[in-house]
1. Keeping to the range 306-320, report how many residues are in contact (Cβ under 8 Å) with a residue 60 or more places away in the chain and closer than 24 Å to K223 by Cα.
2. Report yes if E73 is within 22 Å of V207 (Cα to Cα) and without any contact (Cβ under 8 Å) to a residue 24 or more places away in the chain, otherwise no.
3. So, I303, is that one farther than 17 Å from I240 by Cα and either not in a loop (DSSP other than H, G, I, E, B) or not acidic (D, E) (or both) or not?
4. For the range 234-280, how many residues meet the condition of being in a helix (DSSP H, G or I) and either over 33 Å from the mean Cα position of the chain (by Cα) or buried (at least 16 other Cβ atoms within 10 Å of the Cβ) (or both)?
5. Give the range 86-122 a look and list any residue that's of a type in the set (V, I, T) and at pLDDT 75 or above, or say none.
6. Can you name the residue in the range 180-199 that is in contact with a helix residue (DSSP H, G or I) (Cβ under 6 Å, 6 or more places away or on another chain) and part of a helix (DSSP H, G or I) and, of all such residues, is nearest to D162 (Cα to Cα)?
7. In the range 35-66, which residues are surrounded by 15 or more Cβ atoms within 10 Å (Cβ to Cβ) and part of a strand (DSSP E or B)?
8. Please go through (1) surrounded by fewer than 20 Cβ atoms within 10 Å (Cβ to Cβ); (2) over 22 Å from the mean Cα position of the chain (by Cα) for V219 and return the number of the only condition it doesn't satisfy.
Amino acid sequence: MATIKYQLQSKSDNAPIYLRLSLGRSGSLKRKTSLSINPKNWSAKTGLPKQTYADEKNITSKLRGLTKFILDEVNDANSSGIVITGNWLQSKIDIHFNKHEIKELDYLTQYGEYFIKNLKYKVNKKSQRVGVSRSTQKKYRTIVNKLVAFDKKRSTRTKLTDVNLTFRSELIDYFDTIDKLSDNTIGRYLKFVKSICLDAKKNGYRVSQQLDNFSGFSVKAPKIILSFDEINKIKSKTFISDAHEIAKDWLIIGCYTGQRVSDLLRMNSSFIQHIQDHDFIVLEQIKTKKTVQIPIHHEVKNILNKRKGEFPPTFAKSIDSAKAMFNRYLKEICKLAEIDTIENGNKFDNKKKRYVNGDYPKYELVSSHICRRSFASNFYATELYPTPILMNITAHSTEKMFLEYIGKKPIDYSLKLAKIWQKEGLKQKQTKEKKENNLTVINKAN
């Protein structure tokens, strides 16, 4: 366990105060604190100034603050595998007393650029894979660009030490009034800002003491799904436009495979594998890098048979363009199929340039993600499909994440079990009554 003591090494009237950091078996380090005192006012017994005058009391307060700061930094260094050296100790003392020279990476946007550049070396703790997905890089690029715009709006450069609770409030207000972002997007961007600052702290840069309380947030958004009845209603509708027929087929495939649109629209016949007398769609998810094996549902099989063993064509070569077109066509086919019940949801307002919560016809709330969510919700609602089986397809890491995704609470599980037991009780009752009736008939015959 690390310990800190202070000592003097000079008898001059203005003797420098040294900090001695003991690291157990790893030895000890000693560096100047930048504070000084007359030895007459120093207590060798306590290793602190004598508490006689206000100046000495002030020095004691500063030394105690330095002790806490250094010990916290030692703990962070140990947990991050950082080697503690004399230069490391001196830099931390200088940071605490604002003696260090401000460098480019001390600014939030500059460190953000450095952070993005080094994402390719980031190691995922769970998978042990090196690097991040293109979508993750894109998310951090977006937030850094927005931070640059924020600094420009305020005519200032934000330092890492400025990322405090006041900065958080100002940033939320900017995202809300200027960028017109939704609450969930704002909460997510705050988390990204904190991740950048935590990485800076890990690498020895000074950050705000309020960073621990700098938190993001999420607001539960309405979860829109298509029921089996609605899916069948769309399936039975014949559309004049080829694009609408293609969108319909992709929608059905999505609702019976449970994959994100980025994985859905890249499916092709090469993804199909025949394993132990069954056909599967086998793919590695772009976002999670997890390999999933999806049994081919008969509804998907019907589409493949109709298209001579092939998946429907995509709407564009670029996946982003294909997603945008798919989203547009989905709203159109759902409107034509009269999926128009009034639902509460978030709809993009072109005038306000943001999502606005309200009650809208369901077809206006449909997007490509409805495929994956409908799969998880529809099959969860039946006793034939245990949750672990569904999670194996959706690749959710925990049951808690899966239930949050489909908007279910633990009570839903209890109700589900109650319904199963109710059915079992009814079957047992019917079986018992049948046996009693048979016995009655036999007795009469006797």
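1. 0
2. Working: within 22 Å of V207 (Cα to Cα): yes; without any contact (Cβ under 8 Å) to a residue 24 or more places away in the chain: yes.
Considered against the rule, which asks whether it is within 22 Å of V207 (Cα to Cα) and without any contact (Cβ under 8 Å) to a residue 24 or more places away in the chain, E73 comes out as yes.
3. In short, yes.
4. In the first step, residues of the range 234-280 are kept if they are in a helix (DSSP H, G or I); the result is 234-235, 242-255, 261-264, 269-271.
From the residues that got through so far, the ones that are either over 33 Å from the mean Cα position of the chain (by Cα) or buried (at least 16 other Cβ atoms within 10 Å of the Cβ) (or both) too are 234-235, 242-255, 261-264.
Of the residues in the range 234-280, 20 are in a helix (DSSP H, G or I) and either over 33 Å from the mean Cα position of the chain (by Cα) or buried (at least 16 other Cβ atoms within 10 Å of the Cβ) (or both).
5. Within the range 86-122, I93, I95, T109, I116 meet the criteria.
6. That would be C197.
7. Selection gives L35, S36, I37, W42, L48, P49.
8. Failing condition for V219: (2).
The values are calculated or read from the model by the stated rules, or taken from the named source; none is laboratory data. As the structure is a prediction and not an experimental result, all values here were calculated from the model. Note that we place each Cβ from the backbone using ideal geometry, even for glycine, and neighbour counts take in every protein chain shown.
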